[in-house]
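Derivation of every value follows stated rules applied to the coordinates shown; laboratory data play no part. The structure displayed is predicted, hence computed values, not measured ones. Here Cβ is always computed from backbone atoms with ideal geometry, including for glycine, and neighbour counts include all displayed protein chains.
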Amino acid sequence: MLLFWWWELGDPCAWTGKGRGTLKMSPATTGTFLLTVYTLFSKVHSDRNVYPSAGVLFVHVLEREYFKGEFPPYPKPGEVSNDPITFNTNLMGYPDRPGWLRYIQRTPYSDGVLYGSPTAENVGKPTIIEITAYNRRTFETARHNLIINIMSAEEFPLPYQAEFFIKNMNVEEMLASEVLGDFLGAVKNVWQPERLNAINITSALDRGGRVPLPINDMKEGVYVMVGADVAFSSCLREVENPQNQLRCSQEMEPVITCDKKFRTHFHIDWCKISLVDKTKQVSTYQEVVRGEGILPDGGEYKPPSDSLKSRDYYTDFLVTLAVPSAVALVLFLILAYIMCCRREGVEKRDMQTPDIQLVHHSSIQKSTKELRDMSKNREIAWPLSTLPVFHPVTGEVIPPTHTDNYDSTNMPLMQAQQNLPHQTQIPQPQTTELSPLLLLSGI
């Protein structure tokens, strides 16, 4: 496909003469040929080498334009593609980056940035960073290697270091070369050193800061550490006087005379400035005094030799299993004797129970059996306990209202009243017939 695109742009060997004796190419064809060659060769990116210094800020920008030509369909010269691209960076052979190296990319439409301060332990050791670019539209990937060769600095570390907190900047904004250059120029005007370097840049979120609200164009804030070879100026030490310390404790801005040199572009929180003098720092190393709680040095560990005698664990195995098994068997036999051989029986229980209690229990069992039989067969005669025994008015004994073979399933819910011999009759109201003449007269 690349070959087809090559010839689509034009024949690089197009002749300008009328015959084939002239070997000169036209200017337009020459320009097209060179542009094509550059585009094709730019797709074969080799490993990039960078040479930062230990103790000096390292910044490497992962440009999206650099990786756009890696994803098919390859753009033609003059075409502009704006596919979302994200990056993943890691140390070769490891899932993450080295501890001193950080990475940030705000959106898939912005460039990624690798930044950090190399340490002296990695001087002379090449650090290979694998960079994987992802095209979020086509899901294509491209991978390149960045070889970081850390060089030793002339003066490392710089003896005087100052850390500023800039409130109106994000870390990716501060990493821009022109912005960082403007800040170092302002610091140089205030400090007046012969040598000034940016040592490290850290986002306020990495120091426990909060994510700002998306109002009034608020920023996260960034810490910038710089180092110099001369002592701090009087302006930088103004924050250490008692008046400014008191104002900082009351959450008020201190009075700094050189703040106007930063105020145009950088809003510095002077209460959070940190001044470190490496020349006055005393070593905190203390020799360990061995005493109680500290074991003596036993030297190197010496594993046992292979000539050890084998040990028979059969006896230990039997003792470990036999003793618990014997105890469990004895307990089982005792429990079986108590549960099976020491039972008194039902006869002895009935002999010790009073007769009235046994009769009461027997009657309950008979009633329960009768109710269960009734629930199985609904056509049997009603029990005598449910029939009326005495007349509600006279109190005489009355016979049952139905025979034993009476079908109770056809009995109505409310039986008709019968006129018994001794039942009181309730008089009924009588209606008199009126003559038609009275009805006509309205009487």
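A few remarks follow.
- Residue 241-residue 107 FRET efficiency (beta carbon distance; Förster radius 45 Å; 0.05 resolution): 0.55
- Computed over the range 50-135: relative contact order in percent, which uses C-alpha pairs under 8 Å that are six or more apart: 43 percent
- In Hz, Karplus ³J(HN,Hα) per residue of the range 159-166 (6.51, -1.76, 1.60; θ = phi - 60°; x = Gly, Pro): x, 10, 10, 10, 10, 10, 10, 9
- Percent antiparallel among DSSP beta bridges (both partners in the range 48-150, rounded to 5): 90 percent
- Entries in 188/219; 348/369; 188/261; 125/280 that, when Cα-Cα distance is taken, lie over 20 Å: 188/219; 348/369; 125/280
- Between residue 47 and residue 275, the contour length at 0.36 nm per residue exceeds the Cα-Cα span by 78.1 nm.
- Given R0 = 25 Å, the distance between the Cβ atoms of residue 149 and residue 184 translates into a calculated FRET efficiency of 0.55.
- Hydrodynamic estimate: the Kirkwood radius of the range 160-277 over Cα pairs, inserted into Stokes-Einstein at 10 °C and 1.306 mPa s, corresponds to D of 107 µm²/s.
- Annotation: extensible slack from residue 353 through residue 333 equals 4.0 nm (criterion: 0.36 nm per residue apart, minus Cα-Cα distance).
- Distance in nm between pseudo-label sites at residue 215 and residue 367 (7 Å out along the Cβ direction from Cα): 8.0 nm
- Under the Karplus curve 6.51 cos²θ - 1.76 cosθ + 1.60, θ = phi - 60°, whole-Hz ³J(HN,Hα) for the range 133-148, x wherever Gly or Pro sits: 9, 10, 8, 6, 8, 9, 6, 8, 10, 9, 10, 9, 10, 10, 9, 9
- Amide H contacts for residue 90 (H built 1.01 Å from N in the peptide plane; partners 5 or more residues away or on another chain; cut-off under 5 Å): 130.
- Under 5 Å between amide hydrogens, built in the peptide plane, is the criterion, and for residue 267 it picks out 167, 168 among residues at least 5 positions away or on other chains.
- Length released on extending from residue 252 to residue 306, taking residue separation times 0.36 nm less the Cα-Cα span: 12.0 nm
- A Förster radius of 60 Å, combined with the Cβ-Cβ distance separating residue 194 from residue 313, puts the computed FRET efficiency at roughly 0.20.
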